[in-house]
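What follows is a set of notes on a single structure, which appears directly below.
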Amino acid sequence: MTPSPSERFAASRARAKLQQFELFRRELSFDLDEFQIASCASVEAGRSVLVAAPTGAGKTVVAEFGVFLAMRQPNAKIFYTAPIKALSNQKFSEFVRRYGESEVGLLTGDVNINPRARIVVMTTEVLRNMLYAGSDLLDDLAYVIMDEVHYLADRFRGAVWEEVIIHLPSEVRLISLSATVSNAEEFGDWLQ
């Protein structure tokens, strides 16, 4: 039986997606674990993910794949949020080395570098403030990476993470990373 035009189109899209993941995978100097492959597949399928794995297990690979995908979509932007400035500065430097100064920005409250870049690293509070202000920097936002998402449980700062998650536009995909979420299934259900 010959596939219909819509079936052929769907198969073509599936092959193109596989090609994106394979292109990303070829750039790596190590093999991926099953949780990384499954998480990347979910991101590529347009779903948000919670990656809860021990420190050093490779959660960041999923975030890097999100950046990889965003940079291959015309005009798409990705925000990488972190709870502390030191981590924001580190990620900013890594992304500048990989994608170039013109493609990466940094917003930490006291530092404002290239805020209209396609990849912007920021503290989570900055993103929360942008959401409340209705900032035009949110235009074309496709992904938000929330590193250290377990800060949601922090009694002093946790509300910031909750407010970001609640107020993000529904079309923005969320890539949440944590090494210390102990109740990952329950937390994932809440995120959903």
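The values are calculated or read from the model by the stated rules, or taken from the named source; none is laboratory data. Since the model is a prediction, treat every value here as computed from it, not as a measurement. Positions of Cβ are generated from backbone atoms using ideal geometry, with glycine treated the same way; all protein chains shown enter the neighbour counts. In case anyone asks, the SASA skips ligands and DNA or RNA and just uses the protein heavy atoms, side chains included. Shrake-Rupley method; radii C 1.70, N 1.55, O 1.52, S 1.80 Å.
Grab the DSSP H runs of the chain that are 4 residues or longer, score each as -39,500 (n - 2.57), total them, divide by all residues and round the 222 nm result to the nearest 500 deg cm²/dmol. Present the calculation step by step, with values, prior to reporting the outcome.
Values: 7 runs with 88 residues, N = 192.
Rounded to the nearest 500, the figure is -14500 deg cm²/dmol.
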Virtual spin-label span in nm between ASP140 and PHE35, 7 Å along Cα→Cβ: 3.5
Given 12 as the ceiling on other Cβ atoms within 10 Å, longest exposed-site-free region of the chain for GluC sites (Glu not before Pro) in DSSP loops: 28-170
Backbone N within segment 120-160 under 13 Å of label point (7 Å from ALA179 Cα along the Cβ vector): 148-150
Within segment 97-163, chymotrypsin sites (Phe, Trp or Tyr not before Pro) in DSSP loop having at most 13 other beta-carbon neighbours inside 10 Å: PHE156
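How much of the accessible area of the chain, probe 1.4 Å, is carbon plus sulfur, in whole percent?
Exposed carbon and sulfur together represent 50 percent of the surface.
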Average Cα contact separation per residue, the chain, under 8 Å, 6 or more apart, as relative contact order %: 23
Trypsin sites (Lys or Arg not before Pro) within segment 88-170: DSSP coil, no more than 16 neighbouring Cβ in 10 Å: ARG116, ARG155, ARG157
Spin-label pair ARG26/GLU7, simplified geometry with 7 Å Cα→Cβ offset, distance in nm: 3.0
Projected area averaged over orientations for the chain, convex hull of C-alpha atoms, nm²: 12.6
Crossing angle, helix 34-44 versus the chain [Cα axis fit, 0-90 degrees, rounded to tens]: 90
GNM top mover of SER48, SER102, SER39 - the chain, alpha-carbon springs below 10 Å: SER102
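How much net charge surrounds VAL160 when only other residues with a Cβ under 13 Å from its Cβ are counted (Lys, Arg +1; Asp, Glu -1)?
-2
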Cα long-axis angle, helix 85-99 against the chain (0 to 90 degrees, to the nearest 10): 40
Computed magnitude of the charge dipole of segment 81-126 (debye, nearest 20; Cβ of K, R +1, Cβ of D, E -1): 140
Label-point gap, in nm, between ARG72 and THR55 - each point 7 angstrom along Cα→Cβ: 3.3
